[in-house]
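J.: Got a structure for you, questions after.
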Amino acid sequence: MASAPITAADVRTTSLAARMLARALTLRCPACGGNGTFARWFTLAESCPHCGLRLHHGPHDHFVGTTLVNFLVAEMTWAFGFATYLVLSWPNPAWDALTWVSVVFMAVLPVTMYPFTRITWLAVDLFFRPGGEGERKDTTPIAP
Ligand SMILES: [Zn+2]
């Protein structure tokens, strides 16, 4: 059974998703690419100063998604580093150093990653629910 051919709309959608994620990973607005989405490291601005996208949208479930993504990225990054170190240093890994590095890494990485995962989760949410209730102050379409 053959799958449906890829259409121009599919390519545009994939391109848009990649662009929105790239904007989010550089802490810019996923909708327009403008700067100023964070007032401080942990303080997301109320809305995008360029396009008016409400950055605090949705109820508390948005925060749960952000936290989930944050811990998944931190855990996966740690696991990959741990496994790589074990393979490269076997049969004599420095267990004590590995333990302390792991503790520091697991405490620092989620804090460091917070703004990135917060705005990335917003980009994912915005991609799948572009016209959600109260998402934007205006009806300007997402910049291609
Ligand atoms: Zn914007």
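J.: Considering only residues of the stretch 53-69 that are assigned to a loop (DSSP other than H, G, I, E, B) and surrounded by fewer than 16 Cβ atoms within 10 Å (Cβ to Cβ), which is modelled with the highest pLDDT?
T.: So, considering only residues that are assigned to a loop (DSSP other than H, G, I, E, B) and surrounded by fewer than 16 Cβ atoms within 10 Å (Cβ to Cβ), the one modelled with the highest pLDDT is H56.
J.: So, A18, is that one surrounded by 13 or more Cβ atoms within 10 Å (Cβ to Cβ) and at pLDDT 90 or above or not?
T.: Working: surrounded by 13 or more Cβ atoms within 10 Å (Cβ to Cβ): no; at pLDDT 90 or above: yes.
Here the answer is no, as A18 does not meet what is asked.
J.: Given (1) more than 16 Å from the ligand (Cβ to nearest atom); (2) touching a residue at least 60 places away in the same chain (Cβ under 8 Å), where does D61 come up short, assuming only one miss?
T.: (2)
J.: Please work out which residue is farthest from L126 (Cα to Cα), limiting yourself to the stretch 18-34 and to residues that are assigned to a loop (DSSP other than H, G, I, E, B) and more than 9 Å from the ligand (Cβ to nearest atom).
T.: Among them, the one singled out is T26.
J.: Hey, another quick one. Run down L44, L55, L88, L68 and say which single residue is within 14 Å of D125 (Cβ to Cβ) and either away from the ligand (no atom under 16 Å from the Cβ) or hydroxyl-bearing (S, T, Y) (or both).
T.: Sole residue among the options that is within 14 Å of D125 (Cβ to Cβ) and either away from the ligand (no atom under 16 Å from the Cβ) or hydroxyl-bearing (S, T, Y) (or both): L68.
J.: Report whether or not R118 is under 15 Å from the mean Cα position of the chain (by Cα) and basic (K, R). Give the derivation first.
T.: Working: under 15 Å from the mean Cα position of the chain (by Cα): yes; basic (K, R): yes.
Yes: the conditions hold for R118.
The values are calculated or read from the model by the stated rules, or taken from the named source; none is laboratory data. Because the structure is a prediction, the values reported are computed rather than measured. In this analysis, Cβ positions are derived from the backbone assuming ideal geometry, glycine residues included, and neighbour counts consider all displayed protein chains.
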